[in-house]
Amino acid sequence: MRLIESIAELRAAIADWRRRNPGGTVGFVPTMGYLHEGHASLIRRAAAENGLTVVSVFVNPLQFGPNEDFERYPRDAERDRQTAEAAGAGLLFMPAVSEMYPRPAATRVTIAGLTDRLCGASRPGHFDGVCTVVSKLFNIVMPDAAYFGLKDAQQVAVIERMVSDLNFPVRIVPCETVREPDGLAMSSRNVYLSEEERRQAVILFETLKMAEEKFAEPGMTPGALKAAMHAHIRRAPLAETDYAEVLTWPDLQPPADIPFDEMPRGSRFIAALAVKFGRTRLIDNRLLSR
Ligand code: AMP
């Protein structure tokens, strides 16, 4: 695996690989680093499905709000290098902020509608930052396929829409959420949790499991399901609900408040949560289908 810090060098390395491997495909896994088993599963899948796997590690200032954790976001370049290599990355791109944004970006990629709810509502400007940096990375790497975790399901919906609307020649591959043994979704931010917060953080997974069971009950409505999710999160004394929502998937709109069993067969939904433990905000979701 080769570690690369400059855009020009990365482009040259990928072009060189393509010249030497006619017909070979490039898979791409964008991350913010502090890599864990969730990231590793994306990298392994990309490596299994492509001749060359490019991983980027870049904590993108554009997608953090002014009072968010950009400065204290966990970083460990050496461990990331080892994890990426062990999972099968061929090129690891770790640009400095000044490499990605040599001057303030006057151009932003904005996705309307899909970003009005969930994390888009709680974190104004977040998805503009995500879409802008992912567009830049797609233009730099020019991958055949890009791998994204469903742990960030709204991000998957937003990126798929952006790629479709703007005709990016890349296939988006959504990947299953990797969890700790107790069900907590792996996240770089889990290291912020105190021991007691970590114990209670399983409430996200338990609430979603409950939601999936209730979803199948006759007569269950979106409104009642949402209320049950809010009530369930309150079982964890340290948990503060940011949002608990049931929306249509993948267009992220509020469904009509009629029983799920009266909705058309094949309808898909997402039950999604954001829960704060102290200053740490965790998200998780479950896709549900009729
Ligand atoms: P991040 O470094 O948090 O920006 O995440 C980089 C990519 O890894 C995104 O596509 C995430 O959705 C994905 N990812 C993060 N955590 C997990 C997880 N527990 N399981 C699967 N994918 C994940």
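The values are calculated or read from the model by the stated rules, or taken from the named source; none is laboratory data. These numbers come from a predicted model, not from an experiment. For neighbour counting, all protein chains shown are included, and Cβ atoms are generated from backbone atoms with ideal geometry for every residue, glycine included. For accessibility, only protein heavy atoms count, side chains too; no ligands or nucleic acids. Shrake-Rupley method; radii C 1.70, N 1.55, O 1.52, S 1.80 Å.
General remarks:
- Close pairs from the stretch 22-44: first of a type in the set (D, E, K, R), partner modelled with pLDDT under 95 and crowded, with 22+ Cβ neighbours inside 10 Å, Cβ under 6 Å, at least 6 apart: none
- Search result, residues across the stretch 188-199 that are open to solvent by less than 30 Å² (accessible area, probe 1.4 Å) and in a helix (DSSP H, G or I): 188, 190
- Output for the stretch 117-137, where each listed residue is of a type in the set (D, E, K, R) and either under 23 Å from residue 171 (Cα atoms) or free of Cβ contacts under 8 Å to residues at least 40 places away in the same chain (or both): 128, 136
- Output for the stretch 9-45, where each listed residue is surrounded by fewer than 22 Cβ atoms within 10 Å (Cβ to Cβ), within 16 Å of the ligand (Cβ to nearest atom) and farther than 14 Å from residue 87 by Cβ: 32, 34
- The set of residues from the stretch 259-277 being surrounded by 12 or more Cβ atoms within 10 Å (Cβ to Cβ) and either within 16 Å of residue 222 (Cα to Cα) or over 20 Å from the mean Cα position of the chain (by Cα) (or both) comprises 259, 260, 261, 263, 267, 268, 269, 270, 271, 272, 273.
- Selection status of residue 48, open to solvent by 30 Å² or more (accessible area, probe 1.4 Å), under 27 Å from residue 23 (Cα atoms) and assigned to a helix (DSSP H, G or I): yes
- Qualifying residue in the stretch 76-83 (condition: more than 19 Å from the chain's Cα centre (by Cα), in a loop (DSSP other than H, G, I, E, B) and not basic (Lys, Arg)): yes
- Candidates 106, 146, filtered to the one that is among the small types (Gly, Ala, Ser) and surrounded by fewer than 20 Cβ atoms within 10 Å (Cβ to Cβ): 106
- Residue 181 meets all of the listed conditions (1) surrounded by fewer than 17 Cβ atoms within 10 Å (Cβ to Cβ); (2) in contact with a Lys or Arg (Cβ under 6 Å, 6 or more places away or on another chain) but one, namely (2).
- Flag for residue 174 being of a type outside the set (Phe, Trp, Tyr), within 14 Å of the ligand (Cβ to nearest atom) and assigned to a strand (DSSP E or B): yes
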